[in-house]
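**Student:** Please see the structure below; I have some questions.
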Amino acid sequence: MAGIRIDNLVVGYGAEPVISDLSLDIADGSLFTLLGPSGCGKTTLLRTIAGFIPVRAGKLFFGDRDVTDLPAYRRDIGMVFQDYALFPDKSVYDNVAYGLRARNVPEATIKTTVGEYLERVGLSAFAQRMPAALSGGQRQRVALARALAIKPTVLLMDEPLSNLDAKLRVQVRETIADLQRQVGITTVLVTHDQEEALALSDRIGLLRLGKLEQVGGPEDLYARPVSAYVADFVGAANTLNVELSAPTTAGALAHVALEGANLQAFAPAALPAGKAVLIARGETLKLGPAANDANSIPCTVRRRQYLGGRTSFRVATASGREILVEAHGAVPGLAAGDAAALRFDPAQTLVVAS
Amino acid sequence: MTRHFKDVWFVLSAATLALFALFLLYPLLNVLSASLSAGTGGQSGWATLVNDPRYSSAVTNTLLLGAIVTVTSTLIGVPLAFVAARFSFHGKALIALLPMTTLIVPEVIAAQTWLMILGNNGFVTRAFADWGIRLPSFYGWFGLITVMTFVYYTYVYIGTLAAIKGFDSQLEEASQSLGVPPGRTLLKVMVPVVAPSILASALLVFTLVVGNFAVATILGQRVYLLSVLTYQSFVSEVGTNPVMQSTLASVSIGIVACALFAQRWIVSRGRYEIVQGRGAKPQPLAGLATLPIALGAALIMIVSLLPLVTIVAGAFTRARGPVMRWGEWTTANLERVFLSAPDPIVNTLIFAGIATVLSLLISTVVGFLVVKKRNALTPSIDYLSALPLALSGTVLGIGLMISFNGGFLPLAGTGAIIVVAYLIRRLPFGIRNASSTLYNIPNSIEDASISLGVPPLRTFFKVVFPLMLPSIAAAAVLVWTTTVAELSASVVVYSAGQETMPIQIFRLIDSNLMAQASAYGLVLVGVILIPILIATTVFKIDLFAAK
């Protein structure tokens, strides 16, 4: 077992490589998620770690071992694919045994190892089945057992859940989470699903155009996004263009001008005066009757939707900007057309560079 | 770039490219350049072509014949495909066998059997003569069009059938729900969608007619055709400047290349996306239309199977010289073929056997490289591997003879040149069939094996090869059956003593010894039919899965 270290990695050709100068440390035994929209380079990065894509510049380490120039088959990785990639002509047992046989492990040992991992994924009874006779969730669990049975240094998963339906996705997600913690293997998971990333990861790297936009724990990305892009990709957020009257230091409360009002908001990084972006999640906003409340602006309720556990409002500011507000339970009193006051919580409202 | 990512496949790609360059590009360039040199009388081949009416009429005749047969094949193939796709009736299962007849009956045998029926000594011709009716001569346009139509309409049939079956019949229901009656719906909704497929297969027929040697030579007689004149120039120019043969070969390359480009263009433009093609269920035939449709289909079936019946009958019929004594049965013809003159059989089995094995090896590697291991060389490999489709057998044979007659690789006169001709001619066929399953094998399977610690080449043999096996087996049968029937290239490159069955049959037809030719024909059909039967019944291989 070992952590993964990526130093100044460049992948791809020409003036605009797919991944440019990317550095990253993944702690031993942790589950790291590469999150991002399609085309951001997350699968390219994963396949580079696996050794399927050559490195143009930079270094790649598994623990202390420099694997930059090692071919994939000698990197000692376990890999799980989006389309399962089970060998269709081999039984479940033979699929899981495949990597062990390549390592010339004695048949007796193979038998116990395969048995152990099939049991861990709950498929002991299916050893003699062919892949075609399994459901999607079962196939992905076989693929997981196959990848782990060789006791690899790192486990790499390329969108392992995206071919499964919603219910199975949650089941297999739990299998992955449990198994990863039991085995304690360093794991890199690629996904475009932010809920999956938040639920599974120790740390998340959000990739945008081949660069890491933000790396941090799930709470960091959700509660303290460094940019409007991160805020919008991880959960839904209201992002508003604002004016910053004076420069501000990192970790201070900044004063921003919005719709004529003067609001306070948290600045995670130092900002110059001028244009900035205000990030406010719907559930951190409070809607009350129109009154002169501190840190608030007047608004009009455009639409009200009662969704059981919460109520969702769409409100419009005086200049017509629309903002989404989420409130717990039913909120009596406010209906479409009513004037109201929208209050921002200074600690949970962020101001970042535009 | 780190080198280990490509090594093995790159070396294989380079080796394949070298092979294509030597046996395909080099001969082709030799043909084209020889056509530009000055021939006897100091005239270039192209000047002779324009000035000699024999040659210029051969070009127009060939184009005309190609156009006519393309139309007649379409007129038979399209309605038959529609009937097969949309109606069910007694004996329909027989229609499913039609694509097989093109495989089972080599062109030379088709030409021969038609002669035995309608030629000057044909039994139908003589029967009519006994009643005092003189049928028109089967030699010339009449015979050429008839035989080629029945040899080639199956290509249109297969292409059209696949297109109609893939057509979503919900589109028809949608049209009818919008108030368009069924007949006009077919015309306005289905025809535009399937038309590109029909046109593409029709153009394929055109190229096959232009390149056809067996039927053209046996039945052409006073109608000058490009392939026949090319072969005759080759025979008369042996040892001298290969100017005229090369010029005529170049013309044929040009015509076929144009048709193939047009075909590719149509295929690439006319691919409509049909969502979940739900083909219409065949309806039982009913009402007034029943009789003409069933009769028409039956007639086409009977005519298509006639060569098979004739060849069997001919093989067992007593003959004195060119005179067939129909009704008098004998095994003498077959005894002669097997006991006193078995060389053509042995030659065919040896040459075609070696060529088939080599072809499968190369096809498997090339298919894998082109589909799965793209690198800087594979696009050229892909194009070159399709190039033999643009060369008629005669042209390929001439190219090989010009290139390897002495020089650094003197293959002419040896059996090796026949094997090379077979190999190159049928390679596109082998590659297309051997690689057909590759498209369905996801790349991640290989990655999975490599990630589990198996190096690339071993991964290929452990994971990909077993999945390719069914298509390789189908390719084996198809390459074998089409190779043993090959005539037009081998008749150019062979030397005395290396006669194969098709060559021997061709020579016997020329000498009007039809019974003897029938006996070899029957053996040839057997050599083709037995592997097909074993493959389809014992191993349950779908031979036409790739189409």
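The values are calculated or read from the model by the stated rules, or taken from the named source; none is laboratory data. Remember, predicted model here, so these are calculated numbers, not experimental data. For neighbour counting, all protein chains shown are included, and Cβ atoms are generated from backbone atoms with ideal geometry for every residue, glycine included. All accessible areas refer to the heavy atoms of the entire protein, side chains included, with ligands and DNA or RNA removed. Shrake-Rupley method; radii C 1.70, N 1.55, O 1.52, S 1.80 Å.
**Student:** Six or more apart or on different chains, Cβ atoms under 6 Å: show the pairs whose first residue is in segment A:325-348 and open to solvent by less than 30 Å² (accessible area, probe 1.4 Å) and whose second is part of a loop (DSSP other than H, G, I, E, B) and among the small types (Gly, Ala, Ser).
**Tutor:** Close Cβ pairs satisfying both conditions: A:Ala340/A:Ala290; A:Ala341/A:Ala290; A:Ala341/A:Ala291.
**Student:** Something else about it: Within segment B:463-480, is even one residue away from chain A (no Cβ under 14 Å), of a type outside the set (D, E, K, R) and within 30 Å of B:Ala332 (Cβ to Cβ)?
**Tutor:** Yes, segment B:463-480 contains a residue that is away from chain A (no Cβ under 14 Å), of a type outside the set (D, E, K, R) and within 30 Å of B:Ala332 (Cβ to Cβ).
**Student:** Any idea which residue in segment A:55-72 is most open to solvent (accessible area, probe 1.4 Å), counting only those that are touching a residue at least 24 places away in the same chain (Cβ under 8 Å) and either within 11 Å of chain B (Cβ to nearest Cβ) or of a type in the set (A, V, I, L, M) (or both)?
**Tutor:** Here the answer is A:Arg56.
**Student:** So, in segment B:71-89, exactly how many residues are open to solvent by 30 Å² or more (accessible area, probe 1.4 Å) and hydrophobic (A, V, I, L, M, F, W, C)?
**Tutor:** 7
**Student:** Pick from B:Ile534, B:Ile541: which is outside any loop (DSSP other than H, G, I, E, B) and either of a type in the set (A, V, I, L, M, F, W, C) or closer than 26 Å to B:Ala319 by Cα (or both)?
**Tutor:** B:Ile534
**Student:** Which residues, counting only those in segment B:288-343, are within 21 Å of B:Met148 (Cβ to Cβ) and either in a loop (DSSP other than H, G, I, E, B) or of a type in the set (Val, Ile, Thr) (or both)?
**Tutor:** B:Ile300, B:Ile302, B:Val303, B:Val309, B:Thr310, B:Ile311
**Student:** Where residues in segment A:136-145 are within 14 Å of chain B (Cβ to nearest Cβ) and not aliphatic (A, V, I, L, M), which of them is surrounded by the fewest Cβ atoms within 10 Å (Cβ to Cβ)?
**Tutor:** A:Arg139
**Student:** In segment B:313-327, which residues are surrounded by fewer than 16 Cβ atoms within 10 Å (Cβ to Cβ) and of a type in the set (Ser, Thr, Tyr)?
**Tutor:** Result: no residue meets the conditions.
**Student:** Within segment A:89-135, work out how many residues are on the phi > 0 side of the Ramachandran plot and open to solvent by less than 80 Å² (accessible area, probe 1.4 Å).
**Tutor:** Let us first name the residues in segment A:89-135 that are on the phi > 0 side of the Ramachandran plot, namely A:104, A:122.
Pick out the ones that are also open to solvent by less than 80 Å² (accessible area, probe 1.4 Å) and you get A:122.
Count: 1.
**Student:** Which of the residues belonging to segment A:170-195 are open to solvent by 10 Å² or more (accessible area, probe 1.4 Å) and within 22 Å of A:Gly235 (Cβ to Cβ)?
**Tutor:** A:Val170, A:Arg173, A:Glu174, A:Ala177, A:His192, A:Asp193, A:Gln194, A:Glu195
**Student:** Of the residues B:Ile68, B:Ile95, B:Ile104, which is within 26 Å of the chain's Cα centre (by Cα), of a type outside the set (Phe, Trp, Tyr) and open to solvent by 30 Å² or more (accessible area, probe 1.4 Å)?
**Tutor:** B:Ile68
**Student:** Looking at B:Arg320, B:Arg336, which is the one that is free of Cβ contacts under 8 Å to residues at least 24 places away in the same chain and either more than 30 Å from B:Ala84 (Cα to Cα) or touching a strand residue (DSSP E or B) at 6+ places or on another chain (Cβ under 6 Å) (or both)?
**Tutor:** Of the residues listed, the single one that is free of Cβ contacts under 8 Å to residues at least 24 places away in the same chain and either more than 30 Å from B:Ala84 (Cα to Cα) or touching a strand residue (DSSP E or B) at 6+ places or on another chain (Cβ under 6 Å) (or both) is B:Arg320.
**Student:** Take the residues of segment B:284-301 that are among the β-branched types (Val, Ile, Thr) and farther than 15 Å from B:Leu98 by Cβ: which is surrounded by the most Cβ atoms within 10 Å (Cβ to Cβ)?
**Tutor:** In this case the residue turns out to be B:Ile293.
**Student:** Contact list please: Cβ distance under 6 Å, first residue in segment B:482-499 and within 19 Å of B:Ser359 (Cβ to Cβ) and aliphatic (A, V, I, L, M), second residue open to solvent by less than 10 Å² (accessible area, probe 1.4 Å) and part of a loop (DSSP other than H, G, I, E, B), pairs at least six apart or on different chains.
**Tutor:** Correct list of pairs: B:Ala485/B:Pro106.
**Student:** Something else about it: For A:Asp94, which of the numbered conditions (1) within 13 Å of chain B (Cβ to nearest Cβ); (2) within 16 Å of A:Arg139 (Cβ to Cβ); (3) touching a residue at least 12 places away in the same chain (Cβ under 8 Å) fails to hold?
**Tutor:** (3)
**Student:** Note down all Cβ pairs under 8 Å where the first residue falls in segment A:1-18 and is under 17 Å from A:Arg208 (Cβ atoms), the second is open to solvent by 70 Å² or more (accessible area, probe 1.4 Å) and outside any loop (DSSP other than H, G, I, E, B), and they're at least six residues apart or on different chains.
**Tutor:** That search, which allows pairs on different chains as well, returns A:Ile6/A:Asp25; A:Ile6/A:Lys59; A:Leu9/A:Asp21; A:Leu9/A:Lys59; A:Val10/A:Asp21.
**Student:** Related question: Test A:Leu179 against the stated conditions and say whether it is touching a helix residue (DSSP H, G or I) at 6+ places or on another chain (Cβ under 8 Å) and modelled with pLDDT under 90. Spell out how you get there, then give the answer.
**Tutor:** Working: touching a helix residue (DSSP H, G or I) at 6+ places or on another chain (Cβ under 8 Å): yes; modelled with pLDDT under 90: no.
No, not satisfied.
**Student:** Next question, about the same structure. Run down B:Val454, B:Val493 and say which single residue is aliphatic (A, V, I, L, M), over 30 Å from B:Val312 (Cβ atoms), facing chain A (nearest Cβ under 10 Å) and open to solvent by less than 20 Å² (accessible area, probe 1.4 Å).
**Tutor:** On inspection, the qualifying residue turns out to be B:Val454.
**Student:** Based on this model, can you work out whether A:Glu196 counts as under 14 Å from the mean Cα position of the chain (by Cα) and closer than 27 Å to A:Gln138 by Cβ?
**Tutor:** Against the criterion (under 14 Å from the mean Cα position of the chain (by Cα) and closer than 27 Å to A:Gln138 by Cβ), A:Glu196 qualifies.
**Student:** While we're looking at this one, here's another question. Within the group A:Leu31, A:Leu35, which residue is out of contact with any His (no Cβ under 9 Å at 6 or more places or on another chain), away from every other protein chain (no Cβ under 14 Å), in contact (Cβ under 8 Å) with a residue 12 or more places away in the chain and surrounded by 15 or more Cβ atoms within 10 Å (Cβ to Cβ)? It would help to see each step written out before you state the result.
**Tutor:** Numbers: A:Leu35 fails: out of contact with any His (no Cβ under 9 Å at 6 or more places or on another chain).
None of the others qualify; the one that does is A:Leu31.
**Student:** Pick from B:Ala294, B:Ala313, B:Ala289, B:Ala298: which is modelled with pLDDT of 85 or more and of a type outside the set (D, E, K, R)?
**Tutor:** B:Ala313
**Student:** Tell me which residues, restricted to segment A:74-88, are open to solvent by 50 Å² or more (accessible area, probe 1.4 Å) and touching a residue at least 24 places away in the same chain (Cβ under 8 Å).
**Tutor:** A:Gln82, A:Asp83, A:Pro88
**Student:** Would you confirm, using the coordinates I've provided, whether B:Gln232 is farther than 24 Å from B:Tyr153 by Cβ, open to solvent by less than 20 Å² (accessible area, probe 1.4 Å), out of contact with any strand residue (DSSP E or B) (no Cβ under 9 Å at 6 or more places or on another chain) and of a type outside the set (A, V, I, L, M, F, W, C)?
**Tutor:** It is false that B:Gln232 is farther than 24 Å from B:Tyr153 by Cβ, open to solvent by less than 20 Å² (accessible area, probe 1.4 Å), out of contact with any strand residue (DSSP E or B) (no Cβ under 9 Å at 6 or more places or on another chain) and of a type outside the set (A, V, I, L, M, F, W, C).
**Student:** Report those helices (runs of 4 or more DSSP H) wholly inside segment B:6-57 carrying at least 2 residues which are at pLDDT 90 or above and more than 27 Å from the chain's Cα centre (by Cα).
**Tutor:** Correct list: B:7-20.
**Student:** Same structure, new question: Return the residues of segment A:234-255 that are open to solvent by less than 50 Å² (accessible area, probe 1.4 Å) and within 24 Å of A:Phe313 (Cα to Cα); say none if nothing qualifies.
**Tutor:** Of everything in segment A:234-255, those that are open to solvent by less than 50 Å² (accessible area, probe 1.4 Å) and within 24 Å of A:Phe313 (Cα to Cα) turn out to be A:Val234, A:Gly235, A:Ala237, A:Asn238, A:Leu240, A:Val242.
**Student:** Would you be able to tell me the number of residues in segment B:235-262 that are open to solvent by 40 Å² or more (accessible area, probe 1.4 Å) and touching a Gly at 6+ places or on another chain (Cβ under 8 Å)?
**Tutor:** 1
**Student:** Which residue out of B:Ser444, B:Ser449, B:Ser435 is more than 30 Å from B:Ser403 (Cα to Cα), open to solvent by less than 20 Å² (accessible area, probe 1.4 Å) and more than 14 Å from chain A (Cβ to nearest Cβ)?
**Tutor:** That would be B:Ser435, the only listed residue that is more than 30 Å from B:Ser403 (Cα to Cα), open to solvent by less than 20 Å² (accessible area, probe 1.4 Å) and more than 14 Å from chain A (Cβ to nearest Cβ).
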